[in-house]
Structures are given as structure tokens and as C-alpha cells.
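Colleague: Following this message is one structure expressed as C-alpha cells.
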């Protein structure tokens with residue numbers, strides 16, 4: 001069984017490079033890992049809306065001031081999520097330990113780089129299973145397993 005404290009790095013798998021619609025100006029979070037990067041040791045956060053993802057960062061990168069300055073408002077919800085796993089080619093590439101939660105999301109991007117939900121569940125192992133199944137079907141798209149830290153209306 002997989003629990004929230006677990007961490008895991010598998011055999012090196014080439015995670016397909018996919019472009020995602022970035023939130024905010026290019027200089028915001030420049031040099032930070034992309035949402036699908038696996039070469040960092042700490043569990044990181046990112047911001048999601050229905051229009052795109054930010055690159056990854058820490059809570060200091062996503063203060064209210066930073067969000068208001070960099071993420072365009074519109075008719076959407078803004079989520080700050082913790083990246084828990086990256087899955088590609090039907091395998092878990094990396095799993096980071098993280099906060100205990102009651103909901104896990106599975107997300108990828110469509111051909112245009114727009115976020116595309118692949119499901120939500122209450123169990124980490126089930127979210128990983130969903131991501132593995134979807135990534136085996138999609139082949140060319142990695143998937144993220146995330147936990148929600150905060151959600152707010154972003155109008």
C-alpha cells in the first residue's frame with residue numbers, strides 16, 4: 001500500500017517533454033522546475049487554473065501578492081496544489097512524500113497545453129493507478145498526481 005509519507009524514484013524513464021500553458025509572465029518562476037520535472041528532491045507546489053499551470057515553487061513563491069501580481073484573473077478558480085507524483089509511459093517515475101489529504105487529483109495537458117483533468121479520488125494509491133492507466137493509454141503525455149493545498153475564486 002502507498003501512503004502519504006512514501007517517496008519513490010524508479011528507473012530513469014524519459015518523461016515526454018510537453019508544453020504547458022504557463023500562468024504569468026515568463027520571468028515569474030524563471031529557472032524553477034516545470035510541473036512534469038522529476039529532478040528535484042522536495043515536494044513542490046504549483047498554481048493551476050483552467051487556463052494553465054505555473055512552474056513549481058515553494059509557498060514563498062505563491063504569496064497573495066505574487067499571485068495578484070502574476071496570475072491573470074478571469075472567470076476561473078485558482079488552485080495551489082502540491083505535486084506528489086509524475087507518471088509516464090504507464091509507470092510511476094517519481095513519488096514525493098507530502099501532506100495528508102482527503103483528495104488527490106490526476107492531471108495532464110491537452111495538445112494545446114491546457115490542463116486536462118483525468119480524475120479525482122480519495123486514496124493516493126488509486127490516484128497513482130488512474131495516472132498509470134491514463135499514461136499507458138495516452139503514451140505521449142505525462143500525468144501529475146497532486147493534492148490541493150488551497151482553492152479560491154479568481155475573478
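The numbers here are math on the coordinates, done by the rules we state, and not lab data. The structure displayed is predicted, hence computed values, not measured ones. Glycine also receives a Cβ, built like all others from the backbone with ideal geometry; neighbour counts cover every protein chain displayed.
Colleague: Return the FRET efficiency for the residue pair residue 51, residue 111: r is the Cβ-Cβ distance, R0 is 22 Å, and the value is rounded to the nearest 0.05.
Modeller: 0.90
Colleague: For region 33-53 and region 105-153, what is the centre-to-centre distance using only Cα atoms, to the nearest Å?
Modeller: One Cα centre to the other: 12 Å.
Colleague: Could you put 18, 93 in order, starting from the residue whose Cβ has the fewest other Cβ atoms within 10 Å?
Modeller: Result, fewest neighbours first: 18, 93.
Colleague: Rounded to the nearest 500 deg cm²/dmol, what is the calculated helix-only ellipticity per residue at 222 nm for the chain, with -39500 (n - 2.57) per DSSP H run of length n ≥ 4?
Modeller: Value at 222 nm, helices only, nearest 500: -4500 deg cm²/dmol.
Colleague: Right, here's the next one. Rounded to the nearest 10 degrees, what's the angle between the helix 124-138 long axis and the longest principal axis of the chain, both from Cα atoms, 0 to 90?
Modeller: Roughly 90 degrees between the two axes.
Colleague: Match the structure shown to one of the listed values (i) 10.0; (ii) 10.5; (iii) 8.5 of mean projected area of the Cα convex hull in nm², computed from it, and give that label.
Modeller: (iii)
Colleague: Quick check on packing: order 128-137, 57-66, 34-43 by the mean number of other C-beta atoms within 10 Å, highest mean leading.
Modeller: So the order, starting with the most tightly packed, is 128-137, 34-43, 57-66.
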